[in-house]
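This report refers to the structure that appears directly beneath it.
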Amino acid sequence: MRRKLFRPFLAAGLLVTVAACDSGSLVPPTPSGPSPTVTDTFTGTLSINGAMTYTFTSIGAGTLQATLKAVSPDSTIPVGFSVGIWNGTTCQITLANDNAFQGTVILGNVNGSGVLCTRVHDVGKLVDAASFEITIVHP
């Protein structure tokens, strides 16, 4: 007889224990996505046979979009436009367009944090100095 009374109390005790272990939250954790983006803008004046290099820092992995926003006074003259990895001395080019016009976009993927670079140079087509603007959207 004792046995029959003991079983309901044991079952009730287990139910209370299981209920006490509930975390109260059934929402799954949010997976981490790409790093937030930053926009850097660089401007300068490119001389005949000249080049300009700029560095910027990526804080994580994600997509990079470099845009040659403006070339002035003549946006119909092509220039060299590239993106690469800064090695401390020079820009090691990884993506390049040696026939870039105003509006040219370079797309790439960044694998992690580090110092990157962009470069604009005369490809032998400038007849006078040209002003330019570059925007880089990156993690």
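The values are calculated or read from the model by the stated rules, or taken from the named source; none is laboratory data. These numbers were taken from a predicted model, which means no experiment stands behind them. Cβ sites come from the backbone with ideal geometry, for glycine too, and all protein chains shown count toward neighbours.
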Show the residue pairs that are 6+ apart or on different chains and have beta-carbon atoms under 8 Å apart, the first residue being within the range 76-94 and over 13 Å from His121 (Cβ atoms), the second being of a type in the set (S, T, N, Q) and loosely packed, with under 13 Cβ neighbours inside 10 Å.
-> Ile85/Gln92; Trp86/Gln92
Pairs, first basic (Lys, Arg) in the range 46-72, second assigned to a strand (DSSP E or B) and modelled with pLDDT of 95 or more, C-beta under 7 Å, six or more apart = Lys69/Glu133; Lys69/Ile134; Lys69/Thr135
With respect to Gly114, determine if the residue is of a type outside the set (Phe, Trp, Tyr), on the phi > 0 side of the Ramachandran plot and in contact with a strand residue (DSSP E or B) (Cβ under 7 Å, 6 or more places away or on another chain).
-> yes
In the range 77-100, what residues are surrounded by 13 or more Cβ atoms within 10 Å (Cβ to Cβ) and small (Gly, Ala, Ser)?
-> Gly80, Ser82, Gly84, Ala96, Ala100
